[in-house]
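Inspection log for the structure reproduced underneath, given as structure tokens.
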Amino acid sequence: MLRVGIIGWRGMVGSVLLQRMHEENDFDKIDTYFFSTSQAGEKVHVLKSQESTLHNALDVHELKGMDILLSCQGGDYTKKILPLLREEKWDGHWIDAASTLRMDSNAVIVLDPINKEAIENAIKEGTKNWVGGNCTVSLMLLAIHGLIKEGIVEWVSSMTYQAASGAGAQNMKELLVQMGELSKSLDDVTYETNILELDKKVQMIMSSEKFTKELFSVPLAGSLIPWIDEELENGQSREEWKGSVETNKILQSNGFKTFNVDGLCIRIGAMRSHSQALTIKLNNNYSIEKIEKLLASANPWINFVANHKEASIKHLSPAAVSGKLSIAVGRVRKLNVSENLISVFTVGDQLLWGAAEPLRRILNILINKKV
Ligand code: NAP
């Protein structure tokens, strides 16, 4: 059996990855070793009824013993450890959730329902670095897969509503702490309480020095944050920049027509699952029936929601899709502002198809090919 080392298994992405690997019995196919940057030597029960001792994720010699390393640890870890491993002539497969390697020419962004052919070719060519795409990119590509296959997209403007868990496990906890602090303003509230007094109390808690905001630096509960990741010189955030470059790297590698993507990425107080409001320019005036059919039938994970109020509020939300592999796609209609423009609203669990699932699937592809 291949020896697979997993780093970052207790983080947000890592925890969901392990859950999926348990569900699909992936651990039966591999000899698994768990690594940690902070808890080496500790005993854990990650595998059912089996105790594992954590290995040191900073010890290159321990890591070198693995055939495959799968990291959900983050970009700084990748930057530090992978070059050392390659210097030591480690020839194994490196699978990564972080963005560090995505645009490297010797790394493939994996999203096999879209770029299986590119993955197969890369395996034959000896590629060893496999990276999951940005969460909103992977979810968007799967959501509009039908339009991509048909080659009818001219450009996409994507306005995102990204959940707290997109920033990691600790940020998710901070959102809950913020919610708890705000809900203290509900003490003594009755239907008779003056709403302006209540609102004032909430605002005071939010703007107080004592309000917990160590990680987000500003309130997220009861508010939003209109910037994700670093600031670039052209006014985009790095998250917004990823939208176009990663999309086109994935599409190009599989011979699909490429297109520009741009828009604003916003953090909202959802716990899990990212939503995106897409404005899509098509290359012609297609009927709404044709567009709906293309979207709905593109891949097995699409949950197409008819553009009606009841169905939309019930099925097109983080609350409706969290923990599910299905990707909700709806609010499809022609926009009145210009020709050939349509709207699409899509919601998907960014920890599943946006992070853990493509990694789990490339791991399985490599295991099945015994490469
Ligand atoms: P995370 O939750 O912050 O976890 C990263 C590491 O933090 C863990 O592996 C763990 O490492 C350490 N850690 C310290 N205290 C912890 C605690 N109390 N609970 C859990 N972990 C703790 O990060 P993440 O969101 O999984 O992201 C990992 C990588 O995936 C990043 O590069 C990120 O950009 C990328 N990614 C994330 C998402 C997402 O939606 N979150 C989506 C796509 C890609 P040790 O065990 O070694 O201490």
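The values are calculated or read from the model by the stated rules, or taken from the named source; none is laboratory data. Given the structure is predicted, the values throughout are model-derived calculations rather than measurements. FYI the Cβ positions are ideal-geometry reconstructions off the backbone, even for glycines, and counts take in every protein chain you see. Ligands, DNA and RNA are stripped out before the accessible areas are found, and what is left, the full protein with its side chains, is counted by its heavy atoms. Shrake-Rupley method; radii C 1.70, N 1.55, O 1.52, S 1.80 Å.
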Inter-site label distance for D229 and V337 at 7 Å from Cα along Cβ, in nm: 2.4 nm
At 0.692 mPa s and 37 °C, Stokes diffusion of the stretch 235-282 via Kirkwood alpha-carbon radius, µm² per second: 264 µm²/s
Helix-only mean residue ellipticity at 222 nm for the chain, each DSSP H run of n ≥ 4 adding -39500 (n - 2.57), per residue, nearest 500: -11000 deg cm²/dmol
Per residue, the convex hull volume that the Cα atoms of the stretch 254-363 enclose (Å³): 136 Å³
Estimated vicinal HN-Hα couplings, Hz - the stretch 157-167 in sequence order (Karplus 6.51, -1.76, 1.60; Gly, Pro = x): 9, 10, 9, 9, 10, 9, 6, 4, 5, x, 9
Cα-based radius of gyration of the stretch 77-133 once divided by 2.2 N^0.38 Å, which approximates compact folds: 1.11
Neighbourhood charge, 14 Å Cβ-Cβ cut-off, centred on Q50 and excluding it, Lys, Arg +1 and Asp, Glu -1: -1
Rounded accessible area per residue of the chain, 1.4 Å, Å²: 47 Å²
In Hz, Karplus ³J(HN,Hα) per residue of the stretch 261-272 (6.51, -1.76, 1.60; θ = phi - 60°; x = Gly, Pro): 10, 7, x, 9, 9, 10, 8, 10, x, 7, 6, 8
Relative contact order (%) - the chain, alpha-carbon pairs under 8 angstrom, separation at least six: 20 percent
Phi to ³J(HN,Hα) by Karplus 6.51 cos²θ - 1.76 cosθ + 1.60 over the stretch 342-351, Hz, x for Gly, Pro: 10, 9, 9, 10, 9, 9, x, 6, 5, 7
Charge context of I228, other residues only, Cβ under 12 angstrom, K/R +1, D/E -1: -2
Contact order normalised by residue count of the stretch 221-331, Cα under 8 Å, 6+ apart, percent: 22 percent
Principal semi-axes in Å for the stretch 1-73 [√(5λ), Cα gyration tensor, largest first]: 17, 14, 12
Filtered trypsin sites (Lys or Arg not before Pro), the stretch 61-114: DSSP coil and at most 16 other beta carbons within 10 Å: K64, K89
Debye intensity ratio in log₁₀ form over the Cα atoms of the stretch 298-358, taken at each q of 0.21, 0.23 Å⁻¹: -0.81, -0.91
Solvent-accessible area, 1.4 Å probe, carbon plus sulfur percent, for the stretch 264-313: 54 percent
FRET efficiency estimate (nearest 0.05) - Cβ-Cβ, Q50 to H308, R0 56 angstrom: 0.70
The stretch 294-333 and the stretch 96-137: distance between their alpha carbon centers, rounded to Å: 27 Å
The stretch 18-174 - percent of accessible surface contributed by carbon and sulfur, probe 1.4 Å: 44 percent
Interchain or long-range residues, amide H under 5 Å from F34's placed H: I6, H55
Inverse of mean 1/r across different Cα pairs in the chain, Kirkwood, Å: 22.1 Å
Environment charge of K257, counting only residues whose C-beta is closer than 12 Å and scoring Lys/Arg +1, Asp/Glu -1: -1
For the stretch 20-140, convex hull of alpha carbons as volume per residue, Å³: 128 Å³
For q = 0.20, 0.22, 0.29 Å⁻¹, Debye-computed log10 I/I(0) when each Cα of the stretch 137-190 counts as one equal scatterer: -0.81, -0.88, -1.10
Packing rank of 46-53, 256-263, where each peptide gets the mean count of other beta carbons within 10 Å, highest leading: 256-263, 46-53
Additional length obtainable on full extension of the chain from K79 to M204, 0.36 nm per residue less Cα span: 40.8 nm
Evaluated over the stretch 176-289, the Cα radius of gyration and Dmax, each in Å: 20.7, 63
Spin-label pair T190/D59, simplified geometry with 7 Å Cα→Cβ offset, distance in nm: 6.5 nm
Cα-projected label distance for D112 with K29, points at 7 Å along beta-carbon direction, nm: 0.7 nm
